[in-house]
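Read the figures in this text as sums done on the coordinates, not as results from a lab. The structure displayed is predicted, hence computed values, not measured ones. We place every Cβ from the backbone using ideal geometry, glycine too, and count neighbours over all the protein chains shown.
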Amino acid sequence: MSYFPETMPGVVPNMDDHEFWRFCNERSLHFQSCALCGRLRHPPNPMCANCQSTDVIWVEAPERAEVYTYTVVHHASHPAVEGRLPYVVAVVTFPGLDGVKLVTNIVDIAPADVRIGMPLSIAWDRISDDMHVPRFRPAGKESA
């Protein structure tokens, strides 16, 4: 599956999020958790905002999520996406991972049919030989 065309700029991991992307490349979604106080956080960063610990563990996310909020994009922010309009940019949450929200795209559904609270399942988008990006589709459309 490839949601955006090959001409779309790819992900360039940095020192804070390289581990997040390493897990994604294995088609496994993980989020940072403070090893001291247990607070989950995303996007990844070097220090817990709650207790200032730099000790981190990575927690695997469930493959199910739900739409927290979304918008439908009708104007291309990059020439590479002009042929993909309209598309959905969403914030999703995960059961059991309180406080974690992920900005992503919802695929395999007409933008007008997306709803807040809609159950979703992960859909890995292979954007290059060594990069997978988590997108989501309506739950029950796993074989689409």
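Report the relative contact order of the chain, percent, no decimals, based on alpha-carbon pairs under 8 angstrom and at least 6 residues apart.
Working: 277 pairs, mean separation 34.6, N = 144.
Relative CO of the chain lands at 24 percent.
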In whole Hz, with x marking every Gly and Pro, tabulate ³J(HN,Hα) for region 16-33 from phi via Karplus 6.51 cos²θ - 1.76 cosθ + 1.60, θ = phi - 60°. 8, 10, 4, 5, 4, 6, 4, 4, 4, 5, 8, 6, 9, 8, 10, 10, 5, 9
Using the Cα atoms as the points, what is the convex hull volume per residue of the chain in Å³? 116
Taking K and R as +1 and D and E as -1, what net charge do the other residues with C-beta under 9 Å from the C-beta of ASN45 add up to? -1
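If you put +1 on each Lys and Arg Cβ and -1 on each Asp and Glu Cβ, how big is the dipole of region 1-135 around its Cα centre, in Debye rounded to 20?
Details: 10 positive and 16 negative charges, 65 e Å.
Using only the charged Cβ atoms, the result is roughly 320 debye.
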Filter the trypsin sites (Lys or Arg not before Pro) in region 89-144 down to the DSSP loop ones having no more than 14 other Cβ atoms within 10 Å, then list what survives. ARG115, LYS141
Trypsin sites (Lys or Arg not before Pro) in region 12-55 lying in a DSSP loop, each with at most 13 other Cβ atoms within 10 Å of its Cβ, come to ARG27
For region 12-60, what is one quarter of the convex hull surface built on the Cα atoms, given in nm²? 3.1
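Is it possible to state the helix-based mean residue ellipticity at 222 nm for the chain, with each DSSP H run of 4+ residues giving -39500 (n - 2.57), the sum divided by total residues, to the nearest 500 deg cm²/dmol? What is it? Before the final figure, lay out each step's value.
Numbers: 1 runs with 8 residues, N = 144.
Counting only the DSSP helices, I get -1500 deg cm²/dmol.
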